[in-house]
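A.B. asks: Okay, here's the structure, questions in a sec.
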Amino acid sequence: MAKKEDAISMVDTFTEFKELKNINRTTMVSVLEESFRSVIAKMFGTDENYDVIVNPDKGDFEIWRNREVVADEDLTDSNKQIPLSEAQEIDASYEVGEEVTDEVDFAKFGRRAILNLRQTLASKILELEKDSLYNKYIDKVGTIISAEVYQIWKKEILLLDDDGNELLLPKTEQIPSDFYRKGETARAVVARVDNKNNNPKIILSRTSPLFLQRLLEQEVPEINDGLITVRKIARIPGERAKIAVESYDERIDPVGACVGVKGSRIHGIVRELRNENIDVINYTANTQLFIQRALSPAKISSIRLNEEEHKAEVFLKPEEVSLAIGKNGQNIKLASMLTEYTIDVFRELPEGSAEDEDIYLDEFRDEIEGWVIDAIKGIGIDTAKAVLNAPREMLIEKADLEEETVDDVLRILRKEFEE
């Protein structure tokens, strides 16, 4: 005889699974039925002669067993057969060959059966929840979501969506100046869904160019409507970004539409990105013009392209060089990212200067250490005048040299020409 706590345990089982999120009614009924059948099959070797009826709304179920009436002496399988004498106790009119259907009290199967059912259900439900989570977010990759900050760790932040699903925002995907407290809401783009060993992990990003693009789509109706196309985005997260936009309608100014009146449309995005400075430029298929626009606000005198190697030598007046390079080299770096060209900046040579007076760097190996010369040559500069015409900041950053080392080189080379 089943104990009262067994029956309570069965009710608890249904109460738990009735409250599950992300699992629809049809799927839950199917899983519950499958779980019951699995336990019955383990106990009796088959579940073919059982009918399982699940009612998740009420949190109850019914199990009916179908057995054939046989003469008492012919009984060979008590699971599929019922002796005539026992059948007639249920209804005196039963005869051999007929089928008896009677309800089975699952709790009478004992504790082990109930425990087996709970374990089977828990396993199936866990798999369902994982599949549901994966399917929900694999369709959201590339879209912006808002979630609550739940826990903050050194290498990542754990967030919860409206359904309580866990989302991860790694440190590498956070803007350097991002700062959150528990309970605050964070916005990010769904970067990817990792599903190793059927254990989905939703990875968010605030540094992805796609995050900036989606913010633009939300703020600029013309982008959302397809009247303006975002062609390229380059970002140094939290510092500066460049966006190339294009419109196929001559009546629409794509840059003006993105920025808005007095910057109204871009301001909200700048705040969201922790005051990231955003430059919007007109896209063009003309590479020279595109590089020129990408280096804005610097004004370029001339450009020499090497299309095969995707390199560009840009010549500017001395006062424009610092603008082209930008703070910490950000402007030239973003321009290179945006145009996909390696950009080298040079000061314009004064009129009448003779290139044949130039000297190869190798001639200075007795005054300048060989590894320093090799480092400079490694960025495509191999003559003294080319070094002198190159911006000091570019030599430091691209050749990866100390400031003092670059200053020593410049001093030696200037001295040569002064003599």
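A.B. asks: What single numbered condition from (1) at pLDDT below 75; (2) open to solvent by 70 Å² or more (accessible area, probe 1.4 Å); (3) polar (S, T, N, Q) fails to hold for T26?
C.D. replies: Tallying (1) at pLDDT below 75; (2) open to solvent by 70 Å² or more (accessible area, probe 1.4 Å); (3) polar (S, T, N, Q), T26 fails exactly one: (1).
A.B. asks: A further question on this structure: Take the conditions over 14 Å from the mean Cα position of the chain (by Cα) and surrounded by 12 or more Cβ atoms within 10 Å (Cβ to Cβ) and apply them to L128. Does it pass?
C.D. replies: Values: over 14 Å from the mean Cα position of the chain (by Cα): yes; surrounded by 12 or more Cβ atoms within 10 Å (Cβ to Cβ): yes.
So L128 fits the description; yes.
A.B. asks: Are any of the residues in the stretch 139-146 without any contact (Cβ under 8 Å) to a residue 24 or more places away in the chain, open to solvent by less than 60 Å² (accessible area, probe 1.4 Å) and either among the acidic types (D, E) or in contact with a His (Cβ under 8 Å, 6 or more places away or on another chain) (or both)? It would help to see each step written out before you state the result.
C.D. replies: Taking the stretch 139-146 first, the residues without any contact (Cβ under 8 Å) to a residue 24 or more places away in the chain are 139.
Still in the list and also open to solvent by less than 60 Å² (accessible area, probe 1.4 Å): none.
No, the stretch 139-146 contains no residue that is without any contact (Cβ under 8 Å) to a residue 24 or more places away in the chain, open to solvent by less than 60 Å² (accessible area, probe 1.4 Å) and either among the acidic types (D, E) or in contact with a His (Cβ under 8 Å, 6 or more places away or on another chain) (or both).
A.B. asks: Hey, V39 hits all of (1) aliphatic (A, V, I, L, M); (2) in contact with a Leu (Cβ under 8 Å, 6 or more places away or on another chain); (3) not in a helix (DSSP H, G or I) but one; which does it fall short on?
C.D. replies: (3)
A.B. asks: So which pairs qualify, if the first residue must be in the stretch 277-304 and at pLDDT 95 or above, the second must be of a type in the set (D, E) and open to solvent by less than 50 Å² (accessible area, probe 1.4 Å), the Cβ gap must be under 6 Å, and the two must be at least 6 apart or on different chains?
C.D. replies: Cβ pairs passing all conditions: Y283/E246.
A.B. asks: So which residues in the stretch 389-402 are surrounded by fewer than 18 Cβ atoms within 10 Å (Cβ to Cβ) and either assigned to a helix (DSSP H, G or I) or at pLDDT below 90 (or both)?
C.D. replies: The answer is R392, I396, E397, D400.
Residues checked against (1) under 17 Å from E276 (Cβ atoms); (2) out of contact with any Gly (no Cβ under 7 Å at 6 or more places or on another chain); (3) without any contact (Cβ under 8 Å) to a residue 60 or more places away in the chain:
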{"residue": "T207", "(1), (2), (3)": "yes, yes, yes"}
{"residue": "L210", "(1), (2), (3)": "yes, no, no"}
{"residue": "R214", "(1), (2), (3)": "yes, yes, no"}
{"residue": "D225", "(1), (2), (3)": "no, yes, yes"}
{"residue": "I228", "(1), (2), (3)": "no, yes, yes"}
{"residue": "A234", "(1), (2), (3)": "yes, yes, no"}
{"residue": "P237", "(1), (2), (3)": "yes, yes, no"}
{"residue": "R240", "(1), (2), (3)": "yes, yes, no"}
{"residue": "Y248", "(1), (2), (3)": "no, yes, yes"}
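A.B. asks: Mind checking which helices (runs of 4 or more DSSP H) fall wholly inside the stretch 268-349 and carry at least 2 residues that are open to solvent by less than 20 Å² (accessible area, probe 1.4 Å), closer than 20 Å to Q213 by Cα and out of contact with any helix residue (DSSP H, G or I) (no Cβ under 9 Å at 6 or more places or on another chain)?
C.D. replies: Working: elements: 287-294, 318-325, 330-339.
Passing ranges: none, list empty.
A.B. asks: Tell me yes or no: at least one residue of the stretch 85-92 is under 16 Å from I202 (Cα atoms) and of a type in the set (G, A, S). Break it down stepwise before answering.
C.D. replies: So the first thing to find is which residues in the stretch 85-92 are under 16 Å from I202 (Cα atoms), and the list is none.
Among the residues of the stretch 85-92, not one is under 16 Å from I202 (Cα atoms) and of a type in the set (G, A, S), which makes the answer no.
The values are calculated or read from the model by the stated rules, or taken from the named source; none is laboratory data. Keep in mind that what you see is a predicted model, and the values were worked out from it rather than measured. Neighbour counts run over all protein chains shown; Cβ positions are idealised from the backbone, glycine included. The accessibility values were calculated without ligands, DNA or RNA, using every heavy atom of the protein model including side chains. Shrake-Rupley method; radii C 1.70, N 1.55, O 1.52, S 1.80 Å.
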